[in-house]
1. Quick test for you: out of 49, 71, 22, pick the one residue that is out of contact with any helix residue (DSSP H, G or I) (no Cβ under 7 Å at 6 or more places or on another chain), assigned by TED's automatic domain parsing to the domain that holds residue 7 and modelled with pLDDT of 90 or more.
2. Could you check segment 1-40 and list, in sequence order, the residues that are surrounded by fewer than 16 Cβ atoms within 10 Å (Cβ to Cβ) and in contact with a strand residue (DSSP E or B) (Cβ under 7 Å, 6 or more places away or on another chain)?
């Protein structure tokens, strides 16, 4: 293998691992010796010393790691401070709807309604600030109770939960019919 190919392999490993990797581990993964790995690291170091590169190579005692150059920190801070708009997938919207209409509600009750594990969905909604823990249910295990936040109201343009659309009996019957149809389709498979 050429020096450039070896450097490319080291670069790929360091990028994927994201942390420092010992030279001996690189040598073992590449089926070569540490002397050759040091040569590949030297090629990478020269590549990253270019003024136009935003990446650097950090050499530790017996390890190496990719890192961001100090000159780039200002841009990293800008992007990290940029507000992130949460993306609400169908499963998140479904979970949020259940919580909004049934609150205060436990995760287990949400799962009974959805029919699937809802840990991830509830956790994401808490991360997004749309759902919060309201306390604990006075029952065995004392499960957490969840409800919506002011951010939820702001995001959906309502002043209070009373302004949420009311589900009519016709819609409920349509939902039941859709659910039965889905169950029947799954049973036919």
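The values are calculated or read from the model by the stated rules, or taken from the named source; none is laboratory data. All values reported here derive from a predicted model rather than from experimental measurement. Note: ideal-geometry Cβ built from the backbone for every residue, glycine included; neighbour counts use all protein chains shown.
1. Values: 49 fails: modelled with pLDDT of 90 or more; 71 fails: modelled with pLDDT of 90 or more.
One residue alone meets the criteria, 22.
2. Within segment 1-40, 15, 19, 22 qualify.
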